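The values are calculated or read from the model by the stated rules, or taken from the named source; none is laboratory data. These numbers come from a predicted model, not from an experiment. Neighbour counts are summed over all protein chains in view; Cβ atoms, including those assigned to glycine, are modelled from backbone coordinates with ideal geometry. Heavy atoms of the whole protein, side chains included, go into the accessibility calculation; ligands, DNA and RNA do not. Shrake-Rupley method; radii C 1.70, N 1.55, O 1.52, S 1.80 Å.
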Amino acid sequence: MRVSFMPQGSVREDLPRIQLQGLQWTVSHCYENSPFYRSLLDAAGVKPDRVRSLEDLKRLPFTTAQDLKEGYPFPLCAVPHEKIVRIHASSGTTGKRKVLAYTQKDVNDWADMFARCYEMAGLTRTDRVQIAVGYGLWTAGVGFQLGCERFGAMAIPVGPANVEIHCQMLQDMESTVFCSTASMALLMAEEIERRGLRKDIRLEKVIMGAERHSRRMRERIREITGVEHIFDIPGLTELYGPGTGLECVHHEGSHYWADYYILEILDPDTLEPVPPGEIGEMVVTTLRKEAAPLIRYRTRDLTRLLPDPCPCGNPFPRHDHLLGRSDDMFIFRAVNIYPGQIDHVLSQVPGMGSEYQVHLSRREDGRDVMLIKVERLWEDAPDRDRALAEMIASEIRRQILVRAQVEILEYGVLPRTERKSKRVFDHRPMQD
Ligand code: ZN
């Protein structure tokens with residue numbers, strides 16, 4: 001028997017009604033049950049009965065990571081504590097962690113959404129899913145496992161262990177799906193190549209989350225491992241965790257589960273919607289979340305909507321890959337640059353590896369200089385390095401409209417980590 005986690009009926013026709021009902025429920029629920037939200041909504045002059053159409057979303061106030069910090073340890077909480085069955089937290093780089101609470105219904109909804117992801121990735125119940133992301137307070141490990149069990153495939157919860165154990169499980173358990181960060185997937189792919197394991201494993205798909213990565217990096221992983229598909233999975237602790245959407249087999253952005261949340265793409269400065277297809281900040285409003293609902297939560301993640309229908313036929317809307325954080329955006333000679341734009345340029349140049357660093361510094365005459373260090377894929381001659389460096393510099397100039405120096409490095413010299421890699425190093429003196 002084939003069970004589907006996609007909604008019944010016509011999503012395109014039903015979505016506006018589902019979203020309006022969810023929005024009305026969320027605003028009433030927040031107003032009735034959360035002192036934080038009640039005062040926020042009162043301050044914005046919005047009573048729940050004022051929400052009559054989806055257009056009224058614009059009247060609602062924003063929430064931010066700061067609200068999560070201030071509400072520690074149970075921020076945004078809109079249910080009595082006895083209804084909370086679990087918490088998760090993401091690491092705060094500064095100060096307190098962001099803690100999010102879940103009711104049993106929240107956990108169930110998350111499992112259903114995640115099962116839908118596995119379904120869209122084309123898994124069946126005979127698949128074996130090796131989970132290489134972190135467990136514990138993180139949403140990652142538990143999320144991948146919860147969704148896998150709800151879907152009915154076999155979970156192999158290895159966690160972020162060393163490559164030795166992963167290689168062994170890939171062989172012995174005959175895992176067909178590998179779930180990890182992009183850096184970890186690359187590390188594993190290189191290890192599989194080094195040990196000559198490709199013929200001994202049965203890997204078909206990789207699901208990568210929690211980290212922005214370039215097309216070049218994916219191609220490299222695909223090339224070495226021979227997997228059929230690599231899927232990007234968006235995930236945010238505040239919004240359940242990973243599994244709120246997934247790429248389809250066309251790999252042009254992620255379909256997202258718009259029956260669970262509304263996604264707005266706004267200009268991070270003006271907080272007005274950007275024109276369809278332009279880059280802006282993802283702002284999310286949940287439609288069913290009980291314990292820690294979100295109203296217009298500013299994620300700081302940058303992406304754009306992909307307004308055209310997807311060739312795969314899935315009716316859920318799509319957003320592009322994450323193009324960085326609005327916090328990671330840096331200003332270089334008066335141009336706003338997102339690291340994702342540099343990824344994009346590098347991924348178009350043949351022969352380049354997926355690892356790179358951007359170094360920003362200031363010369364004595366006060367001019368800012370950008371140096372991009374990037375690894376070449378193969379051993380090569382110095383002449384060819386010069387040509388490659390020039391090609392990259394001219395593409396950066398053409399596409400991002402700034403001048404950069406480019407240094408080509410030998411393959412493997414930049415640091416690899418199992419967690420997120422730091423790409424941008426700003427050595428410029430702080431502004432007064
Ligand atoms: Zn699609």
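A few points about this structure:
- Cα-projected label distance for Thr126 with Lys199, points at 7 Å along beta-carbon direction, nm: 2.4
- The packing ranking of peptides 26-32, 7-13, highest mean first, is 26-32, 7-13, where packing means the average number of other beta carbon atoms within 10 angstrom of each residue.
- Tilt relative to the chain, helix 182-195 - C-alpha long axis, 0 to 90 degrees, to 10: 40
- Sequence-distant lysines (8 or more away, or on other chains) whose Cα lies within less than 21 Å of Lys289: Lys47, Lys58, Lys69, Lys83, Lys98, Lys105
- Percent carbon-and-sulfur accessible area, the range 90-141, ignoring ligands, DNA and RNA, probe 1.4 Å: 52
- Calculated FRET efficiency for the pair Arg386/Lys105, C-beta based, R₀ 56 Å, to 0.05: 0.40
- At R0 = 35 Å, FRET efficiency that the Cβ-Cβ distance of Ser91 and Glu55 yields, to 0.05: 0.40
- Mean Cβ neighbour count within 10 Å, used as a protection proxy, ranking 141-150, 398-407 highest first: 141-150, 398-407
- Look at the dipole of the range 158-244 built from charges on Cβ: of Val177, His213, Ile233, the Cα furthest out on the positive end belongs to His213.
- The chain, relative contact order [Cα under 8 Å, separation at least 6], %: 14
- Candidates Ile262, Pro276, Val158 compared by Cα position along the dipole of the range 1-325: farthest toward the positive end lies Val158, with charges placed on Cβ.
- At the listed q of 0.06, 0.07, 0.14 Å⁻¹, the Debye profile of the chain, built from one uniform point per Cα, gives log10 I(q)/I(0) equal to -0.27, -0.36, -1.38.
- The range 90-191, relative contact order in percent, only Cα pairs under 8 angstrom and at least six apart counted: 29
- A simple count of charges around Pro315, restricted to other residues whose Cβ falls under 10 Å of its Cβ and scoring Lys, Arg +1 and Asp, Glu -1, yields -1.
- Per residue accessible area of the range 348-414, 1.4 Å probe, in Å²: 55
- Here the chain is assigned +1 on the Cβ of each Lys and Arg and -1 on the Cβ of each Asp and Glu. Its dipole about the Cα centre then comes out at about 480 debye.
- Linear extension gain, Arg416 paired with Glu174, 0.36 nm per residue minus alpha-carbon span: 84.5 nm
- Charge dipole (debye, nearest 20) of the range 330-426; +1 at Cβ of Lys and Arg, -1 at Cβ of Asp and Glu: 420
- DSSP finds beta bridges in the chain, and of those with both partners inside it, around 60 percent are antiparallel.
- Shape of the range 4-151, Cα gyration tensor, a/c cut at 1.5: oblate
- On Cα atoms only, tilt of 35-44 relative to the major axis of the chain in degrees: 90
- Modelled FRET efficiency - R0 25 Å, Glu82 with Leu137, Cβ distances, 0.05 increments: 0.75
- Highest mean first, the peptides 126-139, 228-241 sorted by other C-beta atoms within 10 Å per residue fall in the order 228-241, 126-139.
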